[in-house]
Amino acid sequence: MRYSSLPAAVGLSSVLISGAIAQITTVTVSAPASECSQSSPTGTGTGATPSATKELNDYALEAGKLYFGTASDIPPVDDQGAELYDQAYMALLNDSHMFGQRTPANIQKWMFTEPSPGEFNFTGGDQFISWAQEHNQLVRCHNLNWYNQLPDWLANGNWTNATLTAVLEREITAQITHYGDACYAWDVVNEAFTDDATTSIYRDDLWSQVIGAPAYIYLSFQFAQAAVEANNLNTKLYYNDYNIESPNNKSANVANLVSELQARNIRIDGVGLQSHFVVGGTPSRAQQLQTMNSYIAYGVEVAQTELDVRFSSLPYNASGLQTQKENYRDSVGACVDAGDACVGTTLWDFDDAYSWVPGTFEGEGAADVWDESARRKPAYYGVVEGLTGEVVPDPPGTVSGPGTVTRKRGWKGRGVGRGVRRG
Ligand code: G3I
């Protein structure tokens, strides 16, 4: 199966609209009647009721962005996926007023797409894309080269430069060719740089050990470019990383990578700023804008690809929620400030019940815009503020503390499903 085009209804022309900040005014936004009703499993990934009011993607389009989006871990990669059976979650995900773009959190990663050497499995990725297209949502495809979530045969193989390079080319070519223009963009290389750059600026991993860095990064983009050109695709080719949202050595290394690729006539179309932030520790709006501009200066576009703002200790309180709101406002606002070259913002899932954070940072979390009971946090109105440039007070009833979790769901494997799948 090859995908030939993007859904017709997606507002691609919106990218041409200016991203100027609106004059500061105050608007009142009503709270939704309810986003946390619960009923039987939807099971299909469809069945959303589109919202009648303006939501995040609508505001993003008005701000000149291409989309406002979210990651989602569907279809499940194992037997612990509960999102598909969570009606409140699926209604939000499927609402194209809320989200105009999706990224698969896991299903397109190498361990799932090439479980045995040379045997590709695109079933889950096809499903993800088909659901997104049903709801007129763009897809950012994620990812082609990473050190993590590799199949065992690859991670534990006995490789030479030549054999590993051949495997890399096969996977990149197969994925880009299969999904075609259904991918608005591909994260071609993910997280290649170290944070501290003490020993090396490049991560010590399979790729740098066997092929060498930056050689494997150049090769990855060359293979991606060849596949895009062979299939006459519009897919954008991105470098994607975290801690590259403020001026520092790592962000300078990424800007330098863009420059080095271009000097070699190797195509790179964009830089993805993952934007995994901490409440109270988020780079300022000006710092984020400055860093985006350091990439944009090379003629590439940028996107915030995995935005979330986690609490470093829990439980959170009302004051922390207001800081989180400001952090979301400033991050999303920086993309607006950057104008057309920042194409959009993607949340790394939108609902605390399904966040990756507690599984990685013990004791931290509540990073998302909706709480574990699928209620809007002040952060929601912070995103609206960032997109509109207006002051948006929290409507009565907005989450002001952890409260009672009506349908507890911890991170994968740690809780009981908010939906009914696990009974
Ligand atoms: O599939 C196994 C399952 O068999 C096992 O029972 C279960 C027990 O822990 O683990 C399951 O695998 C988990 C997988 O997600 C699928 O749910 C892994 O343990 C878990 O580590 C993995 O986490 C993913 C993480 O990448 C891996 O680093 C997160 O869902 C995913 O959101 C996250 O996404 C990354 C981006 O790709 C790159 N940037 C950072 C971002 C956040 O870490």
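Of Val309, Val357, all but one fail to be within 16 Å of the ligand (Cβ to nearest atom), farther than 18 Å from Asn106 by Cα and either modelled with pLDDT of 95 or more or surrounded by 24 or more Cβ atoms within 10 Å (Cβ to Cβ) (or both); the exception is Val309. Inspection of segment 239-250 identifies no residue that is surrounded by 17 or more Cβ atoms within 10 Å (Cβ to Cβ), outside any loop (DSSP other than H, G, I, E, B), of a type outside the set (Ser, Thr, Tyr) and more than 16 Å from the ligand (Cβ to nearest atom).
Looking across Lys65, Lys54, one residue alone is surrounded by fewer than 22 Cβ atoms within 10 Å (Cβ to Cβ), part of a loop (DSSP other than H, G, I, E, B) and touching a residue at least 40 places away in the same chain (Cβ under 8 Å). It is Lys54.
Annotation: Gly81 fulfils all but one of (1) modelled with pLDDT under 95; (2) not in a loop (DSSP other than H, G, I, E, B); the unmet one is (2).
Residue pairs whose Cβ atoms lie under 6 Å apart, separated by 6 or more positions or on different chains, with the first residue in segment 130-145 and more than 16 Å from the ligand (Cβ to nearest atom) and the second part of a strand (DSSP E or B) and not β-branched (Val, Ile, Thr), are Ala132/Arg102; Gln137/Gln101; Gln137/Arg102; Leu138/Tyr67; Leu138/Gln101. Given the options Asn148, Asn156, Asn161, Asn143, name the one that is surrounded by fewer than 14 Cβ atoms within 10 Å (Cβ to Cβ), closer than 25 Å to Val271 by Cβ and not aliphatic (A, V, I, L, M). Step by step, each of Asn148, Asn156, Asn161, Asn143 is checked, and only Asn148 is surrounded by fewer than 14 Cβ atoms within 10 Å (Cβ to Cβ), closer than 25 Å to Val271 by Cβ and not aliphatic (A, V, I, L, M).
Look at segment 199-210: where a residue is under 18 Å from Tyr242 (Cβ atoms) and a partner is in a helix (DSSP H, G or I) and of a type in the set (Gly, Ala, Ser), sitting 6+ places away or on another chain with Cβ atoms under 7 Å, you get Tyr202/Ser208.
Checked against the criterion of being assigned to a helix (DSSP H, G or I), touching a residue at least 12 places away in the same chain (Cβ under 8 Å) and either under 30 Å from Glu55 (Cβ atoms) or within 12 Å of the ligand (Cβ to nearest atom) (or both), segment 155-176 contains not a single residue that satisfies it.
Counting only residues that are assigned to a helix (DSSP H, G or I), hydroxyl-bearing (Ser, Thr, Tyr) and farther than 30 Å from Gly64 by Cβ, segment 349-392 holds 1 of them. Based on what the data block shows, is Lys325 basic (Lys, Arg) and buried (at least 24 other Cβ atoms within 10 Å of the Cβ)? Taking the combined requirement at face value, the residue satisfies it.
A count restricted to segment 343-363 and to residues that are without any contact (Cβ under 8 Å) to a residue 60 or more places away in the chain and in contact with a Ser or Thr (Cβ under 6 Å, 6 or more places away or on another chain) stands at 0. Restricting the first member to segment 107-125 and to residues that are closer than 18 Å to Gly157 by Cα, and the second to residues that are away from the ligand (no atom under 16 Å from the Cβ) and part of a loop (DSSP other than H, G, I, E, B), the beta-carbon pairs closer than 9 Å and six or more apart or on different chains are Thr113/Phe120; Thr113/Phe122; Glu114/Phe120; Pro117/Gly157. Within segment 360-381, being over 18 Å from the mean Cα position of the chain (by Cα) and more than 16 Å from the ligand (Cβ to nearest atom) holds for Gly363, Asp371, Glu372, Ser373, Ala374, Arg375, Arg376, Lys377, Pro378, Tyr381.
Can you find a residue that is under 15 Å from the mean Cα position of the chain (by Cα), among the hydrophobic types (A, V, I, L, M, F, W, C) and buried (at least 16 other Cβ atoms within 10 Å of the Cβ) anywhere in segment 266-275? The answer is yes, given that some residue of segment 266-275 is under 15 Å from the mean Cα position of the chain (by Cα), among the hydrophobic types (A, V, I, L, M, F, W, C) and buried (at least 16 other Cβ atoms within 10 Å of the Cβ).
With respect to the conditions (1) of a type in the set (Asp, Glu); (2) under 22 Å from Asn253 (Cα atoms); (3) in a loop (DSSP other than H, G, I, E, B), Glu306 lacks only one, and its number is (3). Among the residues making up segment 215-238, those that are in contact with an Asp or Glu (Cβ under 7 Å, 6 or more places away or on another chain) and crowded, with 17+ Cβ neighbours inside 10 Å are Phe223, Leu233, Thr235, Lys236, Leu237, Tyr238. Remark: pairs (first residue in segment 267-281, at pLDDT 95 or above and within 11 Å of the ligand (Cβ to nearest atom); second residue assigned to a loop (DSSP other than H, G, I, E, B) and of a type in the set (Phe, Trp, Tyr); Cβ separation under 8 Å; 6+ apart in sequence or on different chains) = Gln274/Tyr242; Gln274/Trp348; Ser275/Tyr242; His276/Tyr242; His276/Trp348. Considering only segment 99-125, state which residues are touching a Ser or Thr at 6+ places or on another chain (Cβ under 7 Å), part of a loop (DSSP other than H, G, I, E, B) and surrounded by 23 or more Cβ atoms within 10 Å (Cβ to Cβ). Hit for segment 99-125 is Phe99, nothing else. For segment 317-342, the tally of residues that are more than 13 Å from Asn293 (Cα to Cα), in contact (Cβ under 8 Å) with a residue 40 or more places away in the chain and either hydrophobic (A, V, I, L, M, F, W, C) or part of a helix (DSSP H, G or I) (or both) stands at 15.
The values are calculated or read from the model by the stated rules, or taken from the named source; none is laboratory data. Please read all numbers here as calculations on a predicted model, not as lab measurements. Backbone-built Cβ (ideal geometry, glycine too); neighbour counts: all protein chains shown.
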